[in-house]
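K.L.:
Pasting a structure below so you can have a look.
The values are calculated or read from the model by the stated rules, or taken from the named source; none is laboratory data. As the structure is a prediction and not an experimental result, all values here were calculated from the model. Don't worry about glycine lacking a Cβ; one is built from the backbone with ideal geometry, like all the others, and counts go over all protein chains shown. Surface areas here come from the heavy atoms of the whole protein model, side chains and all, with no ligands, DNA or RNA. Shrake-Rupley method; radii C 1.70, N 1.55, O 1.52, S 1.80 Å.
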Amino acid sequence: AVDLALRLAADPGIEQAFPDLHTPQRATSFDDPGYPGQWYMDLLGMEPLWDVSLGDPDIRVAVLDSGIDVDHPDLAGAWVEPYDSLDDDDDPRPPGPDDGHGTAVAGIISAQANNGIDLVGVCPDCTLVPIRMLGDRNGTLGQTIAAFEHAIAADADVINNSWGYTQA
């Protein structure tokens with residue numbers, strides 16, 4: 001069908017020719033209740049990408065932020081090698097319930113798809129490396145460097161940094 005369409009399209013008397021192909025079932029039929037409200041996924045053009053792949057568990061995305069609730073049901077089981085550079089331990093959870101920025105960022109990146117919970121991440125089949133380096137207090141330069149070093153040592157393919165410093 002494609003060869004015929006190409007031959008027809010080469011004919012100067014034919015304006016356009018397209019093969020009549022079957023369209024595959026879209027991978028974007030998610031059952032996550034918050035997905036319809038994720039307007040930014042359309043803006044990013046995610047649906048055609050998700051038709052190809054929802055990601056790969058071998059792709060590791062480190063999120064360096066204010067802490068990630070690794071017990072959140074949309075993130076549970078989809079993370080490895082957690083780290084908290086402020087407390088120098090393996091508990092990256094935020095210090096309090098009011099600090100959800102890191103968890104929100106992690107969800108936008110890797111919330112699991114088709115689990116009937118909340119949202120869908122940009123790369124729901126990717127693996128999260130949760131790293132806390134901010135929170136109820138800002139870390140030192142050394143703690144920030146330790147967070148990046150951990151991400152690198154954890155073989156992160158992507159290191160997300162949606163934070164910044166203000167001048168004192």
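K.L.:
Compute the relative contact order of segment 104-157 as a whole-number percentage, counting only Cα pairs closer than 8 Å that sit 6 or more residues apart in sequence.
P.N.:
Values: 49 pairs, mean separation 13.1, N = 54.
Relative contact order comes out at 24 percent.
K.L.:
Another one. Which whole-number value in Å² is the accessible area per residue of the chain, probe 1.4 Å? Write out the running numbers ahead of the final one.
P.N.:
Working: 9830 Å² over 168 residues.
Result: 58 Å² of accessible area for each residue.
K.L.:
Related question: What relative contact order, as a whole-number percentage, does segment 32-118 give when Cα pairs under 8 Å and 6 or more residues apart are counted?
P.N.:
On the way: 77 pairs, mean separation 35.5, N = 87.
Once normalised by length, the contact order is 41 percent.
K.L.:
Residue separation times 0.36 nm, minus the C-alpha to C-alpha distance between residue 53 and residue 15: what's the value?
P.N.:
Numbers: separation 38, 0.36 × 38 = 13.68 nm, distance 3.39 nm.
The span from residue 53 to residue 15 would gain 10.3 nm if fully extended.
K.L.:
Normalised by the residues of the chain, what does the relative contact order come to in percent, with Cα pairs under 8 Å and at least six apart? Please list the in-between numbers first.
P.N.:
Values: 309 pairs, mean separation 47.1, N = 168.
It rounds to 28 percent for the chain.
K.L.:
Say a site is exposed when it is one of the trypsin sites (Lys or Arg not before Pro), sits in a DSSP loop, and has at most 14 other Cβ atoms within 10 Å; what is then the longest site-free stretch of the chain? Please list the in-between numbers first.
P.N.:
Numbers: sites that count: 26, 137.
That gives 27-136 as the longest site-free run.
K.L.:
Per DSSP H run of at least 4 residues, take -39500 (n - 2.57); add these up for the chain, divide by its residues and hand me the 222 nm value, nearest 500 deg cm²/dmol. Intermediate results must be reported in sequence, preceding the final value.
P.N.:
Details: 5 runs with 45 residues, N = 168.
For the chain, the value works out to -7500 deg cm²/dmol.
K.L.:
If you take every residue apart from residue 153 with its C-beta less than 12 Å away from the C-beta of residue 153, what net charge results, scoring Lys and Arg +1 and Asp and Glu -1? Let's see the in-between values first.
P.N.:
On the way: positive: 60; negative: 81, 149, 155.
It works out to a net charge of -2.
K.L.:
Express the carbon and sulfur contribution to the solvent-accessible surface of segment 94-153 as a percent, rounded to the nearest whole number, probe 1.4 angstrom.
P.N.:
Values: 1550 of 2610 Å².
That share works out to 59 percent.
K.L.:
Using θ = phi - 60° and the Karplus curve 6.51 cos²θ - 1.76 cosθ + 1.60, what whole-Hz ³J(HN,Hα) does each residue of segment 43-50 get, with Gly and Pro shown as x?
P.N.:
Once rounded to whole Hz, the list reads 4, 7, x, 6, 4, x, 5, 5.
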